Amino acid sequence: VYNAIGLAAYELFDSVDFDQWFKNQLLAELQVSHNRYKPIRRRVIWLIGQWISVKFKSDLRPMLYEAIRNLLQDQDLVVSINNGCLPVDDFEFRTDQFLPYLESMFTLLFQLLQEVTQCDTKMHVLHVLSCVIERVNMQIRPYVGCLVQYLPLLWKQSEEHNMLRCAILTALIHLVQGLGAESKNLYPFLLPVIQLSTDVFQPPHVYLLEDGLELWLVTLENSPCLTPELLRIFHNMSALLGLSSENLKNCFKIINAYIFLSSPEFLQMYATDLCRSFCELLKDITTEGQVQVLKVVENVLKVNPVLGPQMFQPLLPSVFRGIIDGERYPVVMSTYLGIMGRVLLQNASFFSLLLSQMACELGQELDQILGNLIEMWVDRIDNITQPERRKLSALALLSFLPSLNSVIQDKFCGIVNVSVEGLHDIMTEDPETGTYKDCMLMSHFEECKVTEDEEPPTEQDKRKKMLALKDPVHTVSLQQFIYEKLKAQQELLGEQGFQALMETVDTEIVAQLQEFLQGF
């Protein structure tokens, strides 16, 4: 009967008051310790496992945790673990209710993991342990020492059992996330595991690659610093990029994580190989894949604006050509403009060299190429949807000013239009003073307070925040920048010449600009 009610939980949702049944009868049955009652106890805990995500009041969970803790001390009830009775992986789970039982539950589960011999059962226990670690996150730290010591032995024993090794990888993923920067202490075991799992020349990679890549990624995201061993693992990446498989997205995330972790050492060692791999990839890749490659290049330029363009120089002519040819995919065009904006704004001398190279390659005058670039940039600015990139484009185009160059003066109207659009995107009005503020400036960001439901920032999140504090998009006021550039252009041309230039701009745009620049 219990089996039938468990299997039909969804169908009997309205017919059974499961909460009352649990309190008045099932809980008592779980406490009957007679040996011959074991089949009933097993079936009852299985039945609760079936109903837990269907109809079970949150308030009753502490009573259930208490009952499960008692059952875990009974070896004959291992089957209850196999059937997922510990309700930590459903939507109703509340960490605060579980914390009083965390230490004892984790200890009992760990003992069980050591004692069971069946491979499948070990996998199930590991799965439950992983769910517990994932749910309580950093609060697991005081209790994981025993598991950390045991996993290397289990990994060694499971050499012939790749599916058990997958379960170990999943447990390690959650462990690293729970330990944060402290996961560095696991590196002697962790890094060889990642090395093996992501090496396409090792047979086990067929089973381990997907989880191995995820473990590699979370290890980097939580790493406080780059170690030589962590750097060495990247040797595996070249062959992985050659696979062009569904794992490519994680590969790009891993590359980005290395760039944020330690750009100089990483790029010094791997930039040439990476650039070569990207050039090969771009010959035959989906639009989404193309954007992923370009985002890596954009991150390199963001982190290292001086050396970045030189290291990825072979890729930049195709970006330049893509812009002046009017790339038809908006998302690709947006990334092209993001890359060119970084080069132009943060490494003007390299931009000049690139411009000369393109003029030579295309057999056109320098000014003609420059005019085409600015015209297409202004024309396709609406392909950019991210406010950060729109502000970057405005800053980059404004960096052409002040100028006596007739081509730049000819495109002046377009540059002002993009700048005013940028202001509309990022300026917020202070209701008290009636003045406008650039909401992209980091000084206007409040310190991120982590609420109870949110995960604390990873080491990589902290690195990105520090990087943003040096990024012109977050440090330069667009309002101020426009004012200074227009003022410099006015001084260069004189009042009359500047007025003639301003007359090429639509009067409505000029009025909006004046409103934004009030007080300057």
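The values are calculated or read from the model by the stated rules, or taken from the named source; none is laboratory data. None of these values were measured; they are calculated from a predicted model. All Cβ positions, glycine included, derive from the backbone under ideal geometry; neighbour counts span all protein chains shown. Ligands, DNA and RNA are excluded from the accessible area calculation, which covers all protein heavy atoms including side chains. Shrake-Rupley method; radii C 1.70, N 1.55, O 1.52, S 1.80 Å.
Annotation: extensible slack from E182 through N35 equals 48.4 nm (criterion: 0.36 nm per residue apart, minus Cα-Cα distance). Placing +1 on each Lys and Arg Cβ and -1 on each Asp and Glu Cβ, with no other charges, gives region 288-406 a dipole about its Cα centre of roughly 400 debye. Comparing Cα centroids, region 348-399 and region 5-36 end up 70 angstrom apart.
For region 88-150, what does the accessible surface come to per residue with a 1.4 Å probe? Please give it in Å².
Ligands and nucleic acids excluded, the figure is 48 Å² per residue.
The phi-based Karplus calculation (6.51 cos²θ - 1.76 cosθ + 1.60; θ = phi - 60°) puts the 3J(HN,Hα) values of region 426-433 at 10, 8, 10, 8, 7, x, 6, 9 Hz, whole numbers, x for Gly and Pro. The local environment of N417, defined by Cβ-Cβ distances under 15 Å, has a net charge of -4 under the rule Lys, Arg +1 and Asp, Glu -1.
With both labels modelled 7 Å from their Cα along Cα-to-Cβ, the V206 to Q518 distance reads 7.1 nm.
Straight-distance candidates among the lysines for linking to K295, with alpha-carbon spacing under 21 Å and chain neighbours fewer than 8 residues away dropped: K249, K253, K283, K391, K462, K464, K465, K470.
Residue by residue, region 311-326 carries 3J(HN,Hα) couplings of 5, 10, 3, x, 8, 6, x, 5, 5, 4, 4, x, 5, 6, 7, x Hz when phi is fed to the Karplus relation 6.51 cos²θ - 1.76 cosθ + 1.60 (θ = phi - 60°); x denotes Gly or Pro. Taking the accessible area of the chain, probe 1.4 Å, and keeping the other protein chains in place, the carbon and sulfur fraction comes to 50%. Short-range pairs are left out: with C-alpha atoms under 8 Å and at least six residues apart, the relative contact order of the chain is 9 percent.
Multiplying the residue separation of A28 and Q111 by 0.36 nm and subtracting their alpha-carbon distance yields 27.3 nm. Principal axis extents of the C-alpha atoms in the chain (largest first, rounded to whole Å): 102, 58, 39. In terms of overall dimensions, region 264-385 has a Cα radius of gyration and Dmax of 13.9, 39 angstrom.
Accessible area per residue for region 264-385 is 44 Å², calculated with a 1.4 Å probe on protein heavy atoms, without ligands, DNA or RNA. The label-point distance for T286 and E455, in a model that sets each label 7 Å from Cα toward Cβ, rounds to 2.4 nm.
Counting only protein heavy atoms and a 1.4 Å probe, region 389-514 has 55 square angstrom of accessible area per residue.
Per-residue SASA remark: E484, around 90 Å² accessible (1.4 Å probe; ligands, DNA and RNA not included). Other residues whose C-beta falls under 13 angstrom from the C-beta of G338 contribute a net charge of +3, scoring Lys and Arg +1 and Asp and Glu -1. For region 138-253, the Cβ-based charge dipole about the Cα centre amounts to some 220 debye (Lys, Arg positive; Asp, Glu negative; other atoms uncharged).
Quick check: residue separation of V476 and Q357 times 0.36 nm, minus the Cα distance between them. What number comes out in nm? Provide the component values of the computation, followed by the final result.
Numbers: separation 119, 0.36 × 119 = 42.84 nm, distance 2.99 nm.
That works out to 39.8 nm of additional length.
Working note: Karplus 6.51/-1.76/1.60 with θ = phi - 60° gives region 264-273 the couplings x, 5, 4, 5, 4, 7, 10, 4, 4, 5 Hz, where Gly and Pro are set to x.
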